[in-house]
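The values are calculated or read from the model by the stated rules, or taken from the named source; none is laboratory data. All values derive from a computational prediction rather than experimental measurement. Cβ sites come from the backbone with ideal geometry, for glycine too, and all protein chains shown count toward neighbours.
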Amino acid sequence: MQGIVDLILPLLVLRAIVAAGLSFLCRTLARRFPEERFLGYWAWAWAAYAAYLVFGLPGAELPKHVLLSEALIFVAMAAGYSQPALLVLGAEALRKRVLPARRQRSWVIATTITIGVLVFFLARLSTDSLAVRIAPRQALVGFAFFYCAAAFKMRARRKASRSASVVTTACAGYGIVLLLLAVASVLTVHKPQLHSIAFLICLDLVCQFAVAAGIILQLDEEYQLQQRRLGESEDRFLVLFENNPLPIFVYDVEQFRFLAVNQAAIKHYGYSRGEFLAMSVLDIRPEEYRAAALSALRGKRMRPIGAMGTWRHRKKDGTVFDADIVTKETRFRGRPARMAVAIDVSERAGLEEQLRQAQKMEAVGQLAGGVAHDFNNLLTVIRGQVEVLGRNAGLREPQKNHLDQIDQAAERASALIRQLLAFSRKQVLQPKVLQFDAVVTEMAEMLRRLVGEHIELAIESDPQLGRVKADRSQMEQVLVNLALNARDAMPSGGRLTIRTSSVEIAQDSSSLGSGTELTAGRYVLLEVADTGAGMDRATRARIFEPFFTTKDLGQGTGLGLATAYGIVKQSGGWIGLESEPARGTTFKVFLPQVEASVDPTGIEERAALPSPSGVGHETILLVEDEERIRDLAGKFLTSRGYTVLAAGNGAEALDLVQHHASPVDLLVTDMIMPKLDGKELVRQLARCVPQMKVLYISGYSNPSGVEIAIDESASYLPKPFSMEQLVRKVREVLGRPS
């Protein structure tokens, strides 16, 4: 065997050079394709094979230096027998796509090296120790290549790769050649086979080149596939990134500089792509929010994905808006980065603010309605008692003056309560079908006197204006309040335009902005426009709040526009405004248009009624749960000649009617009472006294917030009222034809 080694020494040296080259090739490819973990093991396997040849050949050529020769051969055996272990570990990484456990790797390598050491010592007992040392290693390596062939075959099936099939064939062929070399090495002990061994060594070299070529082809094929997939991925990225309607940007996690932005971000923020790429994410934050933003950005570095919450962002033109930010960890051009999606939630924030405002105003309205109810009862008693005292003939002039001041204060308090009720939408309405332009025209002269000569008043009416169903006095109150607001906005003079028109609101109409509560249909539009100082955004947001005013202390109650708001809302309409500082203000009132004809009982007819004397003889059923008002009103009506049946609630009233001999001519009832409310009482009494007339008295309608509009056949006297107003109203109602 030693003689054959001497003869084929050039081939063995060539094998060592090829093995070293293959080790270098696998190491280079492992750096280029780090995901192909088997290449690292194969690089060490070919390095071990090269070391096996480099140390084994000199050991075989130094028979005279026994110790040195044995030492070199021992090292060669350790390196050579580690090759099959490294090949098997590479195949495992190829099959499972993960590295074997460290303990498993160490055990496999240690086992093969141990086998090599045992073979080394056993070979010392053989007559041809070199053949005994070579043959087992070649067999082990052959079987290792069979295992590698199986691993590549599995990969070829998994990825449908032709080049992986080439590597499978090369590994299987190499395993066969190595097994044949092992057999030839054993047979050479008895009969030298120089040509056969030389031929097999040449096949060995060919198989090594075939394995190397197959690996290169396979990696090239997979690289091309990766490039195609990468191109497709980039195309999908461009579609999803560039064409996404939401602003998206990618930024560096260390410096927070923009790396990429999509077209939506460019359009929304107003910066060009070049400007964006020269900025950091801190530059789109307002100055006062940058410290908090920097802290949040640093805190998000280690989180792969998450919502950063709502942040204030600034556009190029200085506009600040709220944006919900969601980020995700990614890589951009080989370095760690973050992708952020910015969702403009300004409109949502505006809607949330409107909801909070509506809830606040509703709460104030509930409070105002409750206070007004009790306060109106107290004011009614106060005014009634003032009248009683005023009828005393022995009063002196100073005492009369005190009573007059009390009565005037009660009247002013009554006006304030009426405004609170209008705002809270708890007043009782007497709706009539109105020609709205007639209401505006008839009030024109009064409005001119109201705003003053320094303001030019223009009335623009639509001749085809539709009709509305509303309480005329309340609509007049809206006009007056809006005109007074315009007057106060133009202290140095200006122009006030009152315009009416018919409009149609489509279901998808966005011209009125967000927060409108109008349904689709036709509306009568009242516009009150001034050329005054205008309002900023903060003022506009609070303009309909009760007691909010921009006037100096003592120059306004802050209830004028709140009252207009409440009246319009209770009438089923909507009120809004358009205003900018130094550009004036335009209030817009939308009222539902009706097709019914104008009610003949207009304000002119009511004004033409003769003034009643307040004296009578009829029977009146007075129903009032407030005892002091009931007693006071009963005394006044009795003093005027009426027969009064007084009851504290609806049940008592029904009992009185059933046990009273003569019919009841007039029912005077509060609207809200325990056990039985006013309207239900009227319905029950109408069955037994159909000719009975009705006069409602109340401080407000339904405390639950459901507005009540009284029947057109009934009359209404709001609290607080004087006793003289009560008896005159009673006489007026009784004097009307049934």
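Taking residues in region 447-466 that are among the β-branched types (Val, Ile, Thr), and partners anywhere that are surrounded by fewer than 19 Cβ atoms within 10 Å (Cβ to Cβ) and in a loop (DSSP other than H, G, I, E, B), the pairs with Cβ atoms closer than 7 Å and at least 6 places apart or on different chains are Ile455/Gly493. Reported count of residues in region 234-267, each being assigned to a helix (DSSP H, G or I) and without any contact (Cβ under 8 Å) to a residue 60 or more places away in the chain, is 13.
Against the condition touching a strand residue (DSSP E or B) at 6+ places or on another chain (Cβ under 6 Å) and either small (Gly, Ala, Ser) or under 30 Å from Thr28 (Cβ atoms) (or both), how does Ala212 come out, does it pass? If you could, list the steps in order and put the result at the bottom.
On the way: touching a strand residue (DSSP E or B) at 6+ places or on another chain (Cβ under 6 Å): no; either small (Gly, Ala, Ser) or under 30 Å from Thr28 (Cβ atoms) (or both): yes.
No; evaluated as a whole, the condition is false for this residue.
Test Leu179 against the criterion of being exposed (fewer than 14 other Cβ atoms within 10 Å of the Cβ), over 21 Å from Ile17 (Cβ atoms) and at pLDDT 80 or above, and give yes or no.
On the way: exposed (fewer than 14 other Cβ atoms within 10 Å of the Cβ): no; over 21 Å from Ile17 (Cβ atoms): yes; at pLDDT 80 or above: yes.
Answer is no for this residue.
Going by the structure shown, is Leu230 at pLDDT below 80 and under 26 Å from Gly173 (Cβ atoms)? Break it down into steps so the answer makes sense when it comes.
Working: at pLDDT below 80: yes; under 26 Å from Gly173 (Cβ atoms): no.
In short, no.
Kindly indicate whether any position in region 584-595 is modelled with pLDDT under 90, under 30 Å from Asp437 (Cβ atoms) and either outside the structural domain of Ala438 (by TED's automatic domain parsing) or assigned to a loop (DSSP other than H, G, I, E, B) (or both). The answer is yes; a qualifying residue exists. Of the residues making up region 653-676, those that are surrounded by fewer than 18 Cβ atoms within 10 Å (Cβ to Cβ) and not aliphatic (A, V, I, L, M) are Asp655, Gln658, His659, His660, Ser662, Pro663, Pro674, Lys675.
Restricting to region 683-714, give me the number of residues that are of a type in the set (Phe, Trp, Tyr) and modelled with pLDDT of 85 or more.
Summing the residues that are of a type in the set (Phe, Trp, Tyr) and modelled with pLDDT of 85 or more in region 683-714 gives 1.
Considered as a group, the residues in region 489-509 that are outside any strand (DSSP E or B), within 40 Å of the chain's Cα centre (by Cα) and not polar (S, T, N, Q) include one that is surrounded by the most Cβ atoms within 10 Å (Cβ to Cβ), and that residue is Ala489. In the set (1) modelled with pLDDT of 85 or more; (2) under 30 Å from Ala363 (Cβ atoms); (3) surrounded by fewer than 17 Cβ atoms within 10 Å (Cβ to Cβ), the condition left unmet by Ser579 is number (3). The set of residues in region 13-33 that are surrounded by fewer than 16 Cβ atoms within 10 Å (Cβ to Cβ) and closer than 15 Å to Asp220 by Cβ comprises Thr28, Arg32, Phe33.
Taking the residues in region 231-253 that are more than 29 Å from the chain's Cα centre (by Cα) and surrounded by 11 or more Cβ atoms within 10 Å (Cβ to Cβ) as candidates, determine which candidate is nearest to Gly270 (Cα to Cα).
Of region 231-253, the ones more than 29 Å from the chain's Cα centre (by Cα) are 231-235.
Retained after the next criterion (residues that are surrounded by 11 or more Cβ atoms within 10 Å (Cβ to Cβ)): 233-234.
Details: Ser233: 29, Glu234: 26 Å.
Ranking the candidates gives Glu234 first.
Within region 711-730, residues that are within 11 Å of Leu695 (Cα to Cα) sit with their Cβ atoms under 6 Å from residues that are at pLDDT below 85, at 6+ positions apart or across chains, in these pairs: Tyr716/Val428; Tyr716/Gln430; Tyr716/Ile710. Only one entry in Ala198, Ala164, Ala170, Ala184 is at pLDDT 80 or above, outside the structural domain of Gly334 (by TED's automatic domain parsing) and part of a helix (DSSP H, G or I), namely Ala170.
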